[in-house]
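The block underneath contains the structure these notes are about, expressed in structure tokens.
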Amino acid sequence: MNFDATFTLVDGRTLGYAVYGAADGVPVVALHGSPDSRVIWRLTDEAAHSVGVRVIAPDRPGFGISDPSPGRTVLGWCDDLTQLVDHLECERFGLLAISGGGIYAAAYAWQHPERVSRLGLLSVLGPLEGPDAMSEMSRRIRVSFQLVRRFPALTGPMARGLCRMAARNPQRVASIVTRSRPVEDRDIIARPEMQEVLFDNLPNQFRDPETIAAEVRTATRPWPFALDEISVPTIIWQGGRDDVHTPAMARHLADQIPDARLEFEPGYATFNFFDGLDNILTAFTE
């Protein structure tokens, strides 16, 4: 099973999503990063088939094939997901997130614990207020976040420039994205199957500059709920070589979420975990 689909929300917006893996498998909703889209989860298709999981990958508003929703909030977005899973008749499901999708997954688990069987946080961007959250970041990422926190209006021009570049010169943007990652990730990104997904993802993730700007600003703000009120069993997968989604962030999440377990791989960055997707997805079938 590997297809894209759309669904009309009650306010008339279109919500786009993809489905991968086993048609009758255990449902796992997978939330993309930022900027990103459902396309990144195409990499789960083979592993999801093999372990009996159905991956449902929605595009957040303004990414991929989902309509923008100016002014949306993290907690307000949770209603979009509830409408989608109700439409797909998923009463209870696993919830997996990567990178900037972490805040949305955690928010949904906090708001709707009765719907989420397990929360999985894979190399997620945690609260910047956590202890030493930015101390292990690459200098480029740290300075970018500091600038956005001090001058949030800068996000608009930066996002518009990135979207123009992605439309005119996708090779250059792909190269910038690749060079920004640790060498452990670059080795995996160089694989043909990863390159195919990366290029298919570009027009989906750099579609709407205002959406990108809003998500960057969201990443720099305090999370609008208490981590210690998340009651869903949680697994956090973290690499020791990740200098964007830092080990300090993962430790903070593991310390604050009551029923959380940290799976730490010292030699991993982010994309190393994609070599073990069968193990990650199996965690949602237990």
*asked:* Looking only at helices (runs of 4 or more DSSP H) that lie completely in the stretch 206-286, which have at least 1 residues being in contact with a strand residue (DSSP E or B) (Cβ under 9 Å, 6 or more places away or on another chain) and either closer than 22 Å to V177 by Cα or of a type in the set (A, V, I, L, M, F, W, C) (or both)?
replied: 247-256, 277-282
*Is it true that some residue in the stretch 192-199 is surrounded by 17 or more Cβ atoms within 10 Å (Cβ to Cβ) and either at positive phi or without any contact (Cβ under 8 Å) to a residue 60 or more places away in the chain (or both)?*
yes
*asked:* When you scan the stretch 234-241, do you find a residue that is among the aromatic types (F, W, Y) and in contact with a Leu (Cβ under 6 Å, 6 or more places away or on another chain), even just one?
replied: yes
*Candidates R13, R72, filtered to the one that is surrounded by fewer than 24 Cβ atoms within 10 Å (Cβ to Cβ), on the phi < 0 side of the Ramachandran plot, modelled with pLDDT of 95 or more and basic (K, R)*: R13
*Take the stretch 1-58 and flag every residue that is among the polar types (S, T, N, Q) and in contact (Cβ under 8 Å) with a residue 12 or more places away in the chain.*
N2, T6, T14, S34, S37, T44, S50
*Any idea which residue in the stretch 240-271 is surrounded by the fewest Cβ atoms within 10 Å (Cβ to Cβ), counting only those that are over 13 Å from M137 (Cβ atoms), touching a residue at least 12 places away in the same chain (Cβ under 8 Å) and among the acidic types (D, E)?*
D259
*asked:* Looking only at residues that are among the hydroxyl-bearing types (S, T, Y) and part of a loop (DSSP other than H, G, I, E, B) in the stretch 1-45, which one is nearest to the chain's Cα centre (by Cα)?
replied: S34
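The values are calculated or read from the model by the stated rules, or taken from the named source; none is laboratory data. Owing to the predicted nature of the structure, the values given are computational and were not obtained by experimental measurement. Every residue, glycine as well, gets a Cβ built from its backbone with ideal geometry; the counts of neighbours run over all protein chains shown.
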